[in-house]
1. Just round it to a whole percent: the fraction of Cα-Cα distances in segment B:9-82 exceeding 18 Å.
2. Relative to the first principal axis of the alpha-carbon coordinates of chain B, what is the inclination of helix B:299-312, with its axis defined by its Cα atoms, in degrees from 0 to 90 and to the nearest 10?
3. Just tell me the longest site-free run in chain A, where the sites are trypsin sites (Lys or Arg not before Pro) in a DSSP loop having at most 15 other beta-carbon atoms within 10 Å.
4. Take the alpha carbon gyration tensor of segment B:238-362, find the square roots of its eigenvalues, order them as a ≥ b ≥ c, and report rounded if a/c is under 1.5; if not, report prolate when a/b exceeds b/c, else oblate.
5. Using a/c under 1.5 as the rounded threshold, could you call segment A:109-168 rounded, prolate or oblate? The axes a ≥ b ≥ c are square roots of the C-alpha gyration tensor eigenvalues, and prolate needs a/b larger than b/c, oblate otherwise.
6. What average count of beta carbons from other chains do you get within 10 Å of the Cβ of residues in B:165-174?
7. Running Debye on segment B:261-313 with equal point scatterers at the Cα sites and no solvent, what base-10 log of I(q)/I(0) appears at q = 0.16, 0.19, 0.31, 0.32 Å⁻¹?
8. For segment A:11-148, compute Rh as the Kirkwood radius over C-alpha pairs and then the Stokes-Einstein diffusion coefficient at 25 °C and 0.890 mPa s; write the answer in µm²/s, rounded to an integer.
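Each value in this text was obtained by applying a stated rule to the coordinates, not by laboratory testing. Please read all numbers here as calculations on a predicted model, not as lab measurements. Note: ideal-geometry Cβ built from the backbone for every residue, glycine included; neighbour counts use all protein chains shown.
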Amino acid sequence: MTDVSGQKDQLNQKDTNSERQKWLSVLARCTLQDLQHHWNELTKSEADLNNLPYRFLRKAETGLVMVRGRAGGDGQQFNLGEVSVTRCTVCLDSDHIGYAYIRGRDHKKAELVAVLDALLQTNRWSQKIREIFVTPLASAQEKAKLDRKSQIATSKVDFFTMVRGEDA
Amino acid sequence: MYVAVKGGEKAIKNAHRLLAEKRRGPKEIPELSITQIKEQLSLSVSRVMAEGSLFDEDLAALAIKQARGDLIEAIFLIRAYRTTLPRLAYSLPIRTDKMNVERRVSATYKDLPGGQILGPTFDYTHRLLDFDLMEASDDDLSEEVSTDAEGLKTEKTTQPSDTGMPRVLGGLLNNEGLIQAETLPENEEEHPVGDLTREPLEFPVDRDQRLQNLARGDEGFILSLGYSTQRGYARNHAFVGEIRLGTVSIEIQPPELGFAIDIGDLEITECETVNQFQGSKTEPPQFTRGYGLVFGQNERKAISMALVDRALRAKEMGEDIVAPAQDEEFVMSHSDNIQATGFVEHIKLPHYVDFQAELGLVRRMREEQQTPSTQQSQTQQAAE
């Protein structure tokens, strides 16, 4: 019996992780302006968040991530080059720990993403922040992707091979 | 040998002021903004990111502005900056098969699943100067449907095809076993991936180090070497199997989280070449392949890199090494434009002591030549 419940817990953890992967990916792709705009909207109605207490486990810091590729796309790995990345870790009073790893050098954005990641793990704020941040921002990103795809698709080409003169 | 010099502070300071004035240009002309460089000179930005080996558009644009448009100087600034930052992680290998494609063409297959998408390319332009660009214009390029002078109607958007875009080489050719498959090292997890930013270059090297070196190597150098293979110096009859340009997501697995997270997008150009056959008594003839992968949009570099990658695989393919492009020591030792420019340009710095020594030497040699009798007597004396 204990085994089964243990498995169930693990399963739940896995689900949360994949949810978390989704929101971190959406938040990492937002501009600071977008995030701040939504945050301001949220704090207007939720006074509790205005002076949300949290402490830094790691203040925002910029460093490098070495990006790897694979020969032929699926072969031997190699180091392609670096990308600037900023990370930040915060801890809420409820002991929820929020992480941010974002491409770029924006410390404010990293801090805000870390705070949102922490809040998204709390029962109190999870729903609300999904509604205000994750869902609309995710669909905006998805729409931008599809819009670009349909613009790019106009340059899809059908080549006709011509018979060479000497062969005719 | 270069020697340290003292003094000249005032002159140096003034020279730097003159440089700053030159960079800014006449005050009545508006100053360039970083966003303008980033958005309107994006191919320069791509090159600086690729050869600076640091993907950050803002920093690359800043470097271009500071370097007055000298891209190698800009690359130098980026390389110097990156040394000030800590290395946080290695990414998981990027998935170019999952790219958000901006462009994808193949020179080997006309009809491909997913189609050929030209995207924003200079190909098929007439290379005529567009004098309309002499003046800034706010031409509205946003009309949904437009008709050009020849009556050709073009739309701004169209329904993209639903089919995916399988890789040409791995997906299509490999299905028939007509091309060499990429091989993975045994125990990939434990197999270290060479990193030229961490370990000094020692020959012979493996393909991972070669690809890293080529990816950050000078575009002009790699282009010329690639060209040399086409002209017959290690000819390997390359076709472009596929070129892809687009964005891929960067994933890392921070130890504190224990699962992979996506940290944002990376623009990338990929080129795979199909090269002439190899076979042996035991193996049937098969196409071989070269690979190019570069930060940003730069297919000239990606194609060249694939050509040189293939040439450098000579040893593993059992080919004779007869041309520069096949010689890994030659290629890798000369591909880095920051190393090259550092050594080439340093000879303009004070070499006074060195030169004085040579001056003295040549004077003495001339004296000795002009007075052979003295030389003879000296030699005699020495012998005695």
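1. Working: 1128 of 2701 pairs.
Looking at segment B:9-82, the distances longer than 18 Å represent 42 percent of pairs.
2. 70
3. Numbers: sites that count: A:Arg124, A:Arg164.
Value returned for the longest uninterrupted segment is A:1-123.
4. Values: a/c = 2.65, a/b = 1.38, b/c = 1.92.
Judged from the Cα gyration tensor, segment B:238-362 comes out oblate (a/c at least 1.5, b/c at or above a/b).
5. Details: a/c = 6.41, a/b = 4.56, b/c = 1.41.
Prolate shape, in that a/c is at least 1.5 and a/b is the bigger ratio.
6. On the way: counts 0, 0, 3, 0, 3, 4, 2, 0, 0, 2.
Mean number of neighbouring Cβ atoms from other chains: 1.
7. For segment B:261-313 at q = 0.16, 0.19, 0.31, 0.32 Å⁻¹, log10 I(q)/I(0) is -0.56, -0.67, -1.07, -1.10.
8. Values: Rh = 16.2 Å.
Estimated via Stokes-Einstein, D reaches 152 µm²/s.
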